[in-house]
1. Out of (1) within 16 Å of the ligand (Cβ to nearest atom); (2) within 15 Å of the chain's Cα centre (by Cα); (3) crowded, with 20+ Cβ neighbours inside 10 Å, the odd one out for TRP441 is which?
2. What is the number of the single condition among (1) within 30 Å of LYS491 (Cβ to Cβ); (2) in contact with a helix residue (DSSP H, G or I) (Cβ under 8 Å, 6 or more places away or on another chain) that LYS438 does not meet?
3. Could you list, in sequence order, all residues of segment 288-325 that are buried (at least 17 other Cβ atoms within 10 Å of the Cβ) and of a type in the set (D, E, K, R)?
4. Taking segment 404-430 only, how many residues are part of a loop (DSSP other than H, G, I, E, B) and within 23 Å of THR173 (Cβ to Cβ)?
5. Contact list please: Cβ distance under 6 Å, first residue in segment 166-189 and among the charged types (D, E, K, R), second residue in a helix (DSSP H, G or I), pairs at least six apart or on different chains.
6. Just checking, which of SER214, SER223 is modelled with pLDDT of 95 or more and surrounded by fewer than 24 Cβ atoms within 10 Å (Cβ to Cβ)?
7. Out of all the residues in segment 202-227, which are within 16 Å of the ligand (Cβ to nearest atom) and closer than 15 Å to LYS189 by Cβ?
8. For segment 325-403, give me every one of the helices (runs of 4 or more DSSP H) that falls completely inside it and has 1 or more residues that are over 14 Å from ALA257 (Cα atoms) and within 16 Å of the ligand (Cβ to nearest atom).
Amino acid sequence: MKRRTVVMGLAVGAAVPAVGFAPGAQGASRTSSTSSSASKDSSLVFDPDAYTELTTSITDTTGTAHEVVYHFYKVASYVANPVNATYQSLNVSVPVKIDGSAVDASGAPILFANQVGGYMPSSVANATGIGGAMGPAGTLSRQQLALAAGYVVVEPGARGRSLVDSSGTYYGTAPAAIVDLKAAVRYVKFNKGRIPGDVNRIVSAGVSAGGALSSLLGASGDSPLYDSYLKELGAADASDAIFATGAWCPITDLEHADMAYEWNWGANALSSGSLVDQTVSKELTSAYGDYLASLRLTAKDFGTLTARNLDEYLVRTHLEPSATKYLTALSDADRATYLAANPFITWSGGRAAFSWADFLAHVGARKKDTPAFDAFDLSAGENNEFGTGTTANRHFTLFSLRHEQGDSARLDSDIPEKLNLMNPMYHLVDKVNGNRSKHWWIRLGTKDSDTALTVASNLGARLKSLGDDVNTSYYWDAGHGADQDPGDFIKWIATVSGYKG
Ligand code: DHB
């Protein structure tokens, strides 16, 4: 396994890294590690003096530039026994002066921004300052906006699916990424009083696979299911529950995502113009009805959500309000142009109305073939996410497995638990976790066919029925990874955390 020591570029502040590796200490292998003493391991003690002082200019969502002086900390690893510290490290940014005025961030909320994409490894080890743009080009960096608002920003790395050691063993597949993020949260909470910011106001953020992991982090706080993995890494002895969760286009509920995808996009052609295998699509669609019934989701005005009313629910709850918001913001002339080009929308009394079928036609080409996630030929990224040992890609649904190997084939015995470890719905439906975060920011573009629109919607519906505070909005006509209201997210953090600055 590759290991690297992060070379600290400390210009100002302290001459030692926040967490130093004794060369021998990081050499412990996964099997020989003695992690029970993790909480006493001085390597997990955050050094408040080990920072570089940096100055940056951050333009906020109104276009105003702010000069922000901040302390930048590099934590060489957030676990005592890293498998690969290149990924299991984190950076902390703490504002100390904004536009010339001193800032005290000791009680500020902590934005915990993962940068995972595609369930791939993500590393912050080489970063020399707070992270730049996330999402599509031009999107303001969530982390930078948070810093300019006076919040503390923690940027954790995490192992991802493609990591393989010299013996050919995959060591970043499920559940590595979520275990790492939990270990990073534990590190932050363990360092209460040393690390700046309010560790009881950690707000997670992530996009796509990172949005999936963010929602999982929020849903699974302090679940004992992860304990053995965390122990093995020598994670700090602290809680991994977080206060609030931001999730943009979460690619989650993976074992049901093929069904959801066909229920949603089954009739949409691929960009080539061909329809996917309609037999497969219809089988998956029909299985989705059973899954949905098993969730027993309910929503105001709809009662129990079923495969028969879910389209109407999506249209009324998410899609029409999204179009309405979009059209309301246009000038009269631009709105008239848009409506003329999109006659499927009825605009009346300042509200948009349309049918599900017309909406689907408007979205057009679906992005993925069928099955979208557990590909028959094992070619999907998610097949790799469920790889193990020296097996790069595995089936994780009985449907795809049996399609390939016959009706008596059985999933590998470790798969069911790995699915639970990776699925926020497990922690919200099968085992309702009281230590989940209770504040949720969920966002999705209406033209995002990386997964079904129902994935984020079911998550939100379930959280709402559990009584959580759920702020949901779909971005009209936006594709995968969109973030159209980053400034509102920053304000929302202040509102839900009660932070006055
Ligand atoms: C991401 C996108 C996907 O389509 C997917 O299946 C998994 C992850 C991503 O952008 O992170």
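The values are calculated or read from the model by the stated rules, or taken from the named source; none is laboratory data. Since we're looking at a predicted model, the values are computed, not measured. Neighbour counts are summed over all protein chains in view; Cβ atoms, including those assigned to glycine, are modelled from backbone coordinates with ideal geometry.
1. (1)
2. LYS438 satisfies every listed condition except (2).
3. ASP311, GLU320
4. 7
5. Partner pairs satisfying both residue conditions: LYS182/TYR226.
6. The unique qualifying residue is SER223.
7. Within segment 202-227, SER204, LEU217 qualify.
8. Counting at least 1 such residues, we get 356-363, 381-385.
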